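Worksheet: the structure to be examined is printed underneath.
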Amino acid sequence: MKPFLKSAAIRLWRVPLVNRLLKPVVFRLLRAPSMNRLLNSVFHFHQVELQKKETNEWDISADFEARSRKQEWIHSHLCCPQCDGRLRTPIVRGKTIQCRDCDSEFPQRTQALHLIHSDNIKNFEVEPTLNVSKHLYDEIALEIIADVRKRNGKILDCGAGLRAYPEETVITCEIVDYPTTDVICAGQAIPFQDASFDAVFSLNVLEHVNDPFLCASEIMRVLKPEGRLYCVVPFLQPEHGYPNHYYNMTRSGLLHLFKSEITPERNFVHPSGRPMWTLHWFLSVYLQNLPSPTRDKFSNMKVQDILAKDPISWVDAEWVTELSDQANWTLACTTTLVGRKREA
């Protein structure tokens, strides 16, 4: 898509009336099995080609063997996300998986194993999305992977996004059927038996779940005693939905999630999470959401010009009043709710 057409489409989507009218239609299309299969096919082909370019040693046969071994391990450690009961085996793609204990059913329509119960799609506010979350593992994750691999263990990457290549040691869970997704599930109901994993990753995920306390509890349930947790959450970040963004956390908030079950080894600010990232992100979004003449004026201001006055002095400035509604939500210092309790 040409840049000016893309820009126009984004601006049109941000119009509240257009968004309210089109969003349900788009979501219904995305939920249609035929559309889902088409998007996955196109997406999978594109990512395989991209991975071939990015990975010098792309071995399809080795990848297939690694996936087969990983699937065997997954099937032997699964449990029902509704009742923790046993799932009927063998598990065959295209069929329906049924729990032996509560009779819950999980139709299999995706490349990855699909284990989100229909009730939980609503309860956990799981929405279809075309957003692509793609990150490489950093040095901390790679160190943990290497350590667990030596012991022939397994790591759960909860909310993994799209990974550059399949990693046999890592079981990837997502709500999106990326080419590297192993299991489609909600972090609030992880379909694995207690104490299954030697380590769990939750990397920039908990802000996107509607109940991070339940998700943290599930992470602890599937982590072995003495297992390692690697968790990263945002503190000062703009709103960024995949498709939803519920909570940011201070260091105290993050520790509180796991306080009774985790002994911290390190609690620190990662180099990729330092304040400069916050400043850069906020200013970039701010500038992008100003009309052109005002954007030029604001970008030519000095930091000392902004700090010379109290924020209340800027409320009528054009670079404040002309900021888009979307940017005001994305960068808000506070958000406000006034409501009335519903009748019983």
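Readers should treat all values here as calculations from the given coordinates under stated rules, not as data from a laboratory. Everything numeric in this text was worked out from a predicted model, so none of it was measured. Please note: Cβ atoms are built from the backbone with ideal geometry, for glycine as well, and neighbour counts cover all protein chains shown.
I'd like to check something: does segment 117-132 contain any residue that is basic (Lys, Arg) and out of contact with any Leu (no Cβ under 7 Å at 6 or more places or on another chain)? Looking through segment 117-132, at least one residue is basic (Lys, Arg) and out of contact with any Leu (no Cβ under 7 Å at 6 or more places or on another chain).
Matching residues to (1) touching a Gly at 6+ places or on another chain (Cβ under 6 Å); (2) more than 25 Å from Ile171 (Cβ to Cβ); (3) part of a helix (DSSP H, G or I):
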{"site": "Pro225", "(1), (2), (3)": "no, no, no"}
{"site": "Arg228", "(1), (2), (3)": "no, no, no"}
{"site": "Asn248", "(1), (2), (3)": "no, yes, no"}
{"site": "Leu257", "(1), (2), (3)": "no, no, yes"}
{"site": "Ser272", "(1), (2), (3)": "no, no, yes"}
{"site": "Leu279", "(1), (2), (3)": "no, yes, yes"}
{"site": "Asp296", "(1), (2), (3)": "no, yes, yes"}
{"site": "Ser313", "(1), (2), (3)": "no, yes, yes"}
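Considering every residue within segment 305-315, establish whether at least one is surrounded by 14 or more Cβ atoms within 10 Å (Cβ to Cβ) and not hydroxyl-bearing (Ser, Thr, Tyr). No, the conditions are met nowhere in segment 305-315.
Evaluating Ala308 against the criteria (1) of a type in the set (Gly, Ala, Ser); (2) in contact (Cβ under 8 Å) with a residue 24 or more places away in the chain; (3) over 30 Å from Tyr137 (Cα atoms) leaves one unmet condition, (2).
Based on this model, can you work out whether Gly85 counts as in contact (Cβ under 8 Å) with a residue 24 or more places away in the chain and either touching a strand residue (DSSP E or B) at 6+ places or on another chain (Cβ under 6 Å) or basic (Lys, Arg) (or both)? No: the conditions fail for Gly85.
Yes or no: Trp281 surrounded by 11 or more Cβ atoms within 10 Å (Cβ to Cβ), without any contact (Cβ under 8 Å) to a residue 12 or more places away in the chain and either out of contact with any Cys (no Cβ under 9 Å at 6 or more places or on another chain) or not aliphatic (A, V, I, L, M) (or both)? Spelling it out, it is not the case that Trp281 is surrounded by 11 or more Cβ atoms within 10 Å (Cβ to Cβ), without any contact (Cβ under 8 Å) to a residue 12 or more places away in the chain and either out of contact with any Cys (no Cβ under 9 Å at 6 or more places or on another chain) or not aliphatic (A, V, I, L, M) (or both).
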